[in-house]
1. Report the residue count in segment A:69-82 for those that are open to solvent by less than 50 Å² (accessible area, probe 1.4 Å) and of a type outside the set (Val, Ile, Thr).
2. Inside segment A:84-107, can you point out the residues that are closer than 18 Å to A:Glu14 by Cβ and open to solvent by 50 Å² or more (accessible area, probe 1.4 Å)?
3. Out of (1) at pLDDT below 95; (2) on the phi < 0 side of the Ramachandran plot, what's the single condition that is false for A:Gly28?
4. Inside segment A:13-36, can you point out the residues that are open to solvent by less than 90 Å² (accessible area, probe 1.4 Å) and over 17 Å from B:Gly43 (Cβ atoms)?
5. When you check A:Ser66 against the structure, is it over 22 Å from B:Gly105 (Cα atoms) and in contact (Cβ under 8 Å) with a residue 60 or more places away in the chain, yes or no?
6. Being facing chain A (nearest Cβ under 8 Å), open to solvent by 30 Å² or more (accessible area, probe 1.4 Å) and either part of a loop (DSSP other than H, G, I, E, B) or basic (Lys, Arg) (or both) is the filter here; which residues of segment B:99-112 pass it?
7. Quick check on segment A:51-68. Is at least one of its residues within 11 Å of chain B (Cβ to nearest Cβ), surrounded by 19 or more Cβ atoms within 10 Å (Cβ to Cβ), in contact with a strand residue (DSSP E or B) (Cβ under 8 Å, 6 or more places away or on another chain) and within 26 Å of A:Thr113 (Cα to Cα)?
8. Of all strands (runs of 3 or more DSSP E) completely enclosed by segment B:3-81, which ones contain at least 1 residues that are open to solvent by less than 10 Å² (accessible area, probe 1.4 Å)?
Amino acid sequence: DAGVIQSPRHEVTEMGQEVTLRCKPISGHDYLFWYRQTMMRGLELLIYFNNNVPIDDSGMPEDRFSAKMPNASFSTLKIQPSEPRDSAVYFCASSLTGGGGIEQFFGPGTRLTVL
Amino acid sequence: GDSVTQMEGPVTLSEEAFLTINCTYTATGYPSLFWYVQYPGEGLQLLLKATKADDKGSNKGFEATYRKETTSFHLEKGSVQVSDSAVYFCALRGSTLGRLYFGRGTQLTVWP
């Protein structure tokens with residue numbers, strides 16, 4: 001089992017550029033989550049999908065952020081235009097529908113640096 | 001709403017010391033509770049979980065007991081190792097399907 005796959009693992013870009021982060025969830029999982037982790041704010045849920053439909057995007061910081069899930073095996077998180085305060089580690093996670101004890105599986109993260 | 005509060009870090013211990021990381025929660029109904037661990041440069045991974053009151057989750061020498069009367073799920077280990085150095089997150093799944101609510105995380109450093 002390959003686990004949750006994220007790309008790129010590291011991204012360095014300049015302020016104002018568009019950034020696209022990619023995620024492939026575990027096959028068969030029907031929930032997909034995007035998180036952001038910073039020292040100041042900890043781990044924040046940005047948005048999550050169920051069966052490719054966005055359920056809650058209230059954590060998306062502003063209109064510069066957008067996320068899509070065109071099919072069950074792929075999701076993107078886009079930042080346009082990027083700003084230095086967007087520098088963080090972005091995690092994708094996936095899980096199955098089920099009882100309360102269902103585990104979320106995290107990817108290795110994308111470390112984004114905006115100069 | 002659902003939320004988790006865990007003790008502030010960082011926590012620094014010597015090898016073989018006893019570890020406690022406190023976690024309390026607020027939730028309606030009967031949440032499931034989790035501890036996740038994040039090693040340097042990696043994503044979070046499940047350490048242990050408990051799905052009902054009085055359940056004890058355990059893994060790799062770590063334990064936590066779901067205490068409904070005190071709304072707590074404290075993480076303990078009797079003898080920590082250098083390899084336990086990581087960030088530990090308490091989390092709950094409440095009435096909202098699918099999502100987890102995470103605490104701020106507690107950084108643990110174990111010295112030899």
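The values are calculated or read from the model by the stated rules, or taken from the named source; none is laboratory data. The shown structure was predicted, so the numbers you read here are calculated from the model rather than taken from an experiment. Using ideal geometry, Cβ is built from the backbone for each residue, glycine included, and neighbour counts are taken over all protein chains shown. Ligands, DNA and RNA are stripped out before the accessible areas are found, and what is left, the full protein with its side chains, is counted by its heavy atoms. Shrake-Rupley method; radii C 1.70, N 1.55, O 1.52, S 1.80 Å.
1. From segment A:69-82, those open to solvent by less than 50 Å² (accessible area, probe 1.4 Å) are A:69, A:75-77, A:79, A:82; that's our starting set.
Remaining after also requiring of a type outside the set (Val, Ile, Thr): A:69, A:75, A:77, A:82.
Summing the residues that are open to solvent by less than 50 Å² (accessible area, probe 1.4 Å) and of a type outside the set (Val, Ile, Thr) in segment A:69-82 gives 4.
2. Once the filter is applied, which keeps residues that are closer than 18 Å to A:Glu14 by Cβ and open to solvent by 50 Å² or more (accessible area, probe 1.4 Å), segment A:84-107 yields A:Pro84, A:Arg85.
3. (2)
4. A:Thr13, A:Gly16, A:Val19, A:Thr20, A:Gly28, A:Asp30
5. The answer is no for A:Ser66.
6. B:Arg99, B:Arg104
7. No - not one qualifying residue is present in segment A:51-68.
8. Working: elements: B:3-6, B:11-14, B:19-21, B:23-26, B:32-38, B:44-50, B:56-59, B:62-65, B:75-77.
Passing ranges, in order: B:19-21, B:23-26, B:32-38, B:44-50, B:56-59, B:62-65, B:75-77.
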